[in-house]
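S.K.: Can you read through this structure? Questions will come right after.
The values are calculated or read from the model by the stated rules, or taken from the named source; none is laboratory data. Just so it is clear, the model here is predicted, and its values are computed rather than measured. Glycine also receives a Cβ, built like all others from the backbone with ideal geometry; neighbour counts cover every protein chain displayed. Ligands, DNA and RNA are excluded from the accessible area calculation, which covers all protein heavy atoms including side chains. Shrake-Rupley method; radii C 1.70, N 1.55, O 1.52, S 1.80 Å.
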Amino acid sequence: MASASQSPADLLALAAASGTTPQKAEQIYQEILSRPTPPNLTPEAHAQVLREQEAALLQLGNLYRDQQNAEGLAQVITLSRGFFMSSTAKAKTAKLIRTLLNHFGSIPNSTETQIRVLEDNIAWAKKEKRIFLKHSLETRLASIHLDLHRFRPALALIEGLLTELRRLDDKLILTEVHLLESKVYRGVGNITKAKAGLTSARTSAASIYTPPPLQSALDIQSGILHAEEKDYKTAYSYFFEAFESQASAASFAPPVRKEGEGADGAVPSPLAGSEQFDAESKGAVEALKYMLLCKVMLNLPEDVHSLLSIKLAVKYAQLRDVESMRAIARAHQDRNLADFEKALRDYKDELSSDPTIRSHLAALYDTLLEQNLLRIVEPYSVVELEYVSECVGQGRQAVEAKLSQMILDKVFHGVLDQGRGCLLIFDDTEADTTYATAIDTLQQVGKVVESLYAKTVKIG
């Protein structure tokens, strides 16, 4: 056990020693925080005590993060809030709370705990009139609601934030909140309001220095909205801007440790396989996937290989996220529906987790199915539906529904004979222009008669 005569600095060194167990380290940090502040300290000594207590709080938060202890981390955040309320500057308290809140990202299945902690701290910040901390926490909470597809509470938070931020004229947070607003409206399918929110975000960002990660987020959202309108060329240009910015930032970032725990006890959270990436690399991979998606949707799957050979993209070319898009491009290039479905199954997590990629691949699958059906039925005048179903590897009911839609859309001329279970295909009939030509001739004759009548009136 730690001796009461040991100084906090000695206890911190003991807790950080390699032979100290996590349980012993937790006890040491708790002891440092439970010690009362000695009276009659000089300002320098008091500042030193606060620094040691702050270090103990941060290390205890790191410890709970590594142990995946969400409830313990929540208690540390509450403890830090009351601990430094009267003795530490507001900005430092806010930074400490935000730092500890970031640890929830490394703890799986901790979302509900994080929401509860955020709501509790928002209420505390409002009571203590810590407006900027309240705005920061509400923005984080709205982002979590967005990730969980809880659009209504997210919009309620955003509307309140926008009202307050416009009054304070805080351009940076205003840009972030408008971007969140755009994402929420896009999530509910209101593209018009999503574009209006993005325009407001860009207007706010134009008058301040925008950090590169925020600028990349704006570019990605712009690309997503253009892709929703099938303008894949413009979308590709926005995604390329975001990828270039994020990949360049990642290439200049310090290397990330891969072996076990970091120097401060941090546990790596791999993005794919055994490799770990920082936020810039994750953003770069997301933008690269969207770029590849645009190439596929533009019917240029052959460009995928050349795109992955450029200098900034080479380091990401072997990741599963990128391999998934490569498999989709290969299947699309071969017009092979079976390979397309296999890619969707093999890379289910990589392709289905992103709603943007999921929705566009669904449209691409529909197009590919239509092309395969056309290729099968075109040589025939009568073909059995069972045969068509076997050729495309789909159920008869799905094939029948798709063929009905194609007939209604006039992709080809035909009739479904459900009694015989056949599809009757008719040759394209040439349009009969006799009636149109006759009407046009009569109109011209009418104009001649009117002209002759007008001349006759003048002569008379």
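S.K.: Within the set of pairs 6 or more residues apart or between chains, which connect a residue that is without any contact (Cβ under 8 Å) to a residue 40 or more places away in the chain inside region 51-65 to a residue that is of a type in the set (Ser, Thr, Tyr) with Cβ atoms less than 9 Å apart?
M.R.: Partner pairs satisfying both residue conditions: Leu60/Tyr29.
S.K.: Also: So, in region 171-193, of the ones that are hydroxyl-bearing (Ser, Thr, Tyr) and surrounded by 14 or more Cβ atoms within 10 Å (Cβ to Cβ), which residue ends up farthest from the chain's Cα centre (by Cα)?
M.R.: Across region 171-193, the extreme among qualifying residues is Thr175.
S.K.: Just a yes or no: is a residue in region 357-373 open to solvent by 50 Å² or more (accessible area, probe 1.4 Å), of a type in the set (Gly, Ala, Ser), touching a residue at least 40 places away in the same chain (Cβ under 8 Å) and closer than 30 Å to Glu323 by Cα?
M.R.: Scanning region 357-373 turns up no residue that is open to solvent by 50 Å² or more (accessible area, probe 1.4 Å), of a type in the set (Gly, Ala, Ser), touching a residue at least 40 places away in the same chain (Cβ under 8 Å) and closer than 30 Å to Glu323 by Cα.
S.K.: I'd like the residue in region 390-407 that is of a type in the set (S, T, N, Q) and outside any loop (DSSP other than H, G, I, E, B) and, out of all such residues, is surrounded by the fewest Cβ atoms within 10 Å (Cβ to Cβ). Lay out the reasoning, then the answer.
M.R.: Keep residues of region 390-407 that are of a type in the set (S, T, N, Q), which gives 394, 397, 404-405.
Filter once more, keeping what is outside any loop (DSSP other than H, G, I, E, B): 397, 404-405.
Working: Gln397: 10, Ser404: 13, Gln405: 12.
Among those residues, the one meeting the criterion is Gln397.
S.K.: Here's another thing I want to ask about it. Here is a list of conditions, (1) modelled with pLDDT of 85 or more; (2) touching a helix residue (DSSP H, G or I) at 6+ places or on another chain (Cβ under 7 Å); (3) farther than 30 Å from Val392 by Cα, and Lys295 meets all of them except one; can you say which number that is?
M.R.: (3)
S.K.: Restricting attention to region 199-225, which residues are open to solvent by less than 50 Å² (accessible area, probe 1.4 Å) and either within 20 Å of Cys294 (Cα to Cα) or not in a helix (DSSP H, G or I) (or both)?
M.R.: Narrowing region 199-225 to residues open to solvent by less than 50 Å² (accessible area, probe 1.4 Å): 200-201, 204-205, 210-211, 214, 216-225.
Result: Thr210, Pro211, Ser216, Ala217, Leu218, Asp219, Ile220, Gln221, Ser222, Gly223, Ile224, Leu225.
S.K.: Out of all the residues in region 346-357, which are outside any helix (DSSP H, G or I) and in contact with a Ser or Thr (Cβ under 6 Å, 6 or more places away or on another chain)?
M.R.: First pass over region 346-357, keeping only residues outside any helix (DSSP H, G or I): 347, 353-354.
Passing the criteria: only Tyr347.
S.K.: Quick check on my filter: what residues within region 157-170 are among the aliphatic types (A, V, I, L, M) and surrounded by fewer than 13 Cβ atoms within 10 Å (Cβ to Cβ)?
M.R.: Taking region 157-170 and keeping what is among the aliphatic types (A, V, I, L, M), we get 157-158, 161-162, 165, 168.
Scanning region 157-170 gives a single hit, Leu168.
S.K.: Now a separate question. Which condition number does Ala196 fail, the rest of (1) surrounded by 17 or more Cβ atoms within 10 Å (Cβ to Cβ); (2) touching a Phe, Trp or Tyr at 6+ places or on another chain (Cβ under 9 Å); (3) more than 23 Å from Phe104 (Cα to Cα) being met?
M.R.: Unmet for Ala196, out of (1) surrounded by 17 or more Cβ atoms within 10 Å (Cβ to Cβ); (2) touching a Phe, Trp or Tyr at 6+ places or on another chain (Cβ under 9 Å); (3) more than 23 Å from Phe104 (Cα to Cα): (1).
S.K.: Under 6 Å between Cβ atoms, which residue pairs at least 6 apart in sequence (or on different chains) link something in region 98-114 that is under 13 Å from Leu141 (Cα atoms) with a partner that is of a type in the set (Ser, Thr, Tyr)?
M.R.: Matching pairs, first to second residue: Phe104/Ser110.
S.K.: Residue check, Tyr232 against (1) modelled with pLDDT of 90 or more; (2) under 18 Å from Val322 (Cβ atoms), all met but one. Which one?
M.R.: Going through the list (1) modelled with pLDDT of 90 or more; (2) under 18 Å from Val322 (Cβ atoms), Tyr232 breaks only (2).
S.K.: For region 290-303, give me each residue that is in a loop (DSSP other than H, G, I, E, B), touching a residue at least 40 places away in the same chain (Cβ under 8 Å) and crowded, with 20+ Cβ neighbours inside 10 Å. Spell out the reasoning first.
M.R.: The initial filter retains those residues of region 290-303 that are in a loop (DSSP other than H, G, I, E, B), namely 298-302.
Subsequent filtering for residues that are touching a residue at least 40 places away in the same chain (Cβ under 8 Å) retains 298.
Those that are in a loop (DSSP other than H, G, I, E, B), touching a residue at least 40 places away in the same chain (Cβ under 8 Å) and crowded, with 20+ Cβ neighbours inside 10 Å: none in region 290-303.
S.K.: Then there is this: State whether one or more residues within region 391-406 are under 30 Å from Ala331 (Cβ atoms) and of a type in the set (Ser, Thr, Tyr). Spell out the reasoning first.
M.R.: Start the filter on region 391-406 by keeping residues that are under 30 Å from Ala331 (Cβ atoms), which leaves 391-406.
Still in the list and also of a type in the set (Ser, Thr, Tyr): 404.
Scanning region 391-406, I find at least one residue that is under 30 Å from Ala331 (Cβ atoms) and of a type in the set (Ser, Thr, Tyr), so the answer is yes.
S.K.: Moving on to the next point. Which of the residues belonging to region 321-345 are crowded, with 16+ Cβ neighbours inside 10 Å and either assigned to a loop (DSSP other than H, G, I, E, B) or basic (Lys, Arg) (or both)?
M.R.: Arg326, Arg330
S.K.: Any residue that is hydroxyl-bearing (Ser, Thr, Tyr) and exposed (fewer than 13 other Cβ atoms within 10 Å of the Cβ) - is there at least one of those in region 304-317?
M.R.: Initial filter on region 304-317 (hydroxyl-bearing (Ser, Thr, Tyr)): 306, 309, 316.
Filter once more, so that each one left must be exposed (fewer than 13 other Cβ atoms within 10 Å of the Cβ): 306, 309.
Yes, some residue in region 304-317 is hydroxyl-bearing (Ser, Thr, Tyr) and exposed (fewer than 13 other Cβ atoms within 10 Å of the Cβ).
S.K.: Tell me which of these Gly72 doesn't satisfy, since it passes every other one: (1) at pLDDT 80 or above; (2) not in a helix (DSSP H, G or I).
M.R.: Failed condition: (2).
S.K.: Here's something else I'd like to know. Any idea how many residues of region 374-383 are over 13 Å from Val415 (Cα atoms) and open to solvent by less than 50 Å² (accessible area, probe 1.4 Å)?
M.R.: Summing the residues that are over 13 Å from Val415 (Cα atoms) and open to solvent by less than 50 Å² (accessible area, probe 1.4 Å) in region 374-383 gives 2.
S.K.: Filter region 426-458 for residues that are among the hydroxyl-bearing types (Ser, Thr, Tyr), open to solvent by 100 Å² or more (accessible area, probe 1.4 Å) and not in a helix (DSSP H, G or I) and give the result.
M.R.: Of region 426-458, the ones among the hydroxyl-bearing types (Ser, Thr, Tyr) are 429, 433-435, 437, 441, 451, 453, 456.
Filter again for open to solvent by 100 Å² or more (accessible area, probe 1.4 Å), leaving 429, 435, 453.
Result: Thr429, single match.
S.K.: Moving on. Please tell me if Lys126 is part of a helix (DSSP H, G or I), touching a residue at least 12 places away in the same chain (Cβ under 8 Å) and closer than 16 Å to Ile97 by Cα.
M.R.: On the way: part of a helix (DSSP H, G or I): yes; touching a residue at least 12 places away in the same chain (Cβ under 8 Å): no; closer than 16 Å to Ile97 by Cα: yes.
So Lys126 fails the test.
S.K.: With surrounded by 16 or more Cβ atoms within 10 Å (Cβ to Cβ), modelled with pLDDT under 90, more than 25 Å from Glu31 (Cβ to Cβ) and among the charged types (D, E, K, R) as the only criterion, which of Arg130, Arg65, Arg81 stands out? Break it down stepwise before answering.
M.R.: Numbers: Arg65 fails: more than 25 Å from Glu31 (Cβ to Cβ); Arg81 fails: more than 25 Å from Glu31 (Cβ to Cβ).
Only one candidate qualifies: Arg130.
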